[in-house]
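Below is one structure; the comments refer to it alone.
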Amino acid sequence: MKVGISIPRLPDGPGLRRFVQRAEELGFDCVLAGDHIVLPTEGTNQYPYTADGSFSRPADDPFLETMTLLGYLAACTQSIRLGTTVIILPYRNPVVQAKMFASLDVLTNGRMICGVGVGWLEKEFDILGVPYADRGPMSDEFLQIFKILWTEPNPEFHGRFYNLDGIQFYPKPVQQPHIPIWVGGHTRRALRRTAKFGDCWHTTRQTPDFVAENLPYLRQQTERAGRDPASISISLKRSLYFTDLGVGEGSSVRTGGTVSGNTQEVIDDVYYCRELGIDQLTYDFRVDGLDEAIEVMGHLADRVLPVAERLG
């Protein structure tokens, strides 16, 4: 089982460099960046992972632009994989977006992960001039365009939102047949999108049991799409809090968005996730400051990562 880490949302270049270099030294599989361009001053009731729809971060949370951040961190690392958790597909032109990922894959010698989502924050879509109601079908077109641009010598696509032909797109990504696509989301539509376009279902803020309950549907849809279900891996992203470490704040109760407990309970959760068919775990740390995040990451690497690696 592989373990990845979410990149802290800090406008601190040297600190972020230290964080990802330490993650690389400790042997984590990947570091992943989230994606927002703006956040609404008045908040929101649309966030899909809280009971009242409120977003857990303040409006002035300092989100660095995702691809810019990954480009910076690519130059700071040598072997750890880099990716998005998740980039909101409709926010950026699909050809430019495909070029960004391909360029970084070349510059990192094949270390990119393309984690994708359709988005949920309507205000952000409005500000960017993107139709919120069309975010699903737009995202599906984008994924088709990505694959065509990354793999075909004479890319051509004609869809509802975009058309392209008569062009060359180089360089192609290093990874073959293309950069792995991790599809975020927890709905049946997200599962169908994974079955059709994805290499991984990368769901967020859900329980392991929720993942297990949805795997039969994912397998059914994958077979219906003419693909082998074994070709799609399963990833679960949650917050992590060690109650016996004395760093950060949390509770001893596990929720969909958090695995919280002492070190042995966290290890037990890893075993349980693997038994259910989950292949990859991504954690973020709800702590104050970079030093605390690095301390939690070090404890995770020392006590939990060896267990995950033994599970294969």
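What follows draws every value from the coordinates through simple rules; no lab data is involved. Being a predicted model, the structure only gives us computed values, none of them experimental. In this analysis, Cβ positions are derived from the backbone assuming ideal geometry, glycine residues included, and neighbour counts consider all displayed protein chains.
Listed values, structure above:
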| read-out | value |
| --- | --- |
| Residue check for E295: among the charged types (D, E, K, R) and over 17 Å from S235 (Cβ atoms) | yes |
| Whichever residue in the range 9-22 is more than 12 Å from L73 (Cα to Cα) and under 18 Å from the mean Cα position of the chain (by Cα) and, among such residues, is surrounded by the fewest Cβ atoms within 10 Å (Cβ to Cβ) | L10 |
| Entirely in the range 92-164, the helices (runs of 4 or more DSSP H) that have 2 or more residues that are aromatic (F, W, Y) | 135-151 |
| Wholly enclosed strands (runs of 3 or more DSSP E) of the range 193-302 bearing at least 1 residues within 22 Å of V31 (Cα to Cα) and under 15 Å from the mean Cα position of the chain (by Cα) | 200-204, 233-242, 280-285 |
| Residue among L73, L64, L82 that is closer than 16 Å to E124 by Cβ and either surrounded by 24 or more Cβ atoms within 10 Å (Cβ to Cβ) or touching a residue at least 40 places away in the same chain (Cβ under 8 Å) (or both) | L64 |
| Residue check for A59: loosely packed, with under 14 Cβ neighbours inside 10 Å, in contact with a Leu (Cβ under 6 Å, 6 or more places away or on another chain) and in a loop (DSSP other than H, G, I, E, B) | yes |
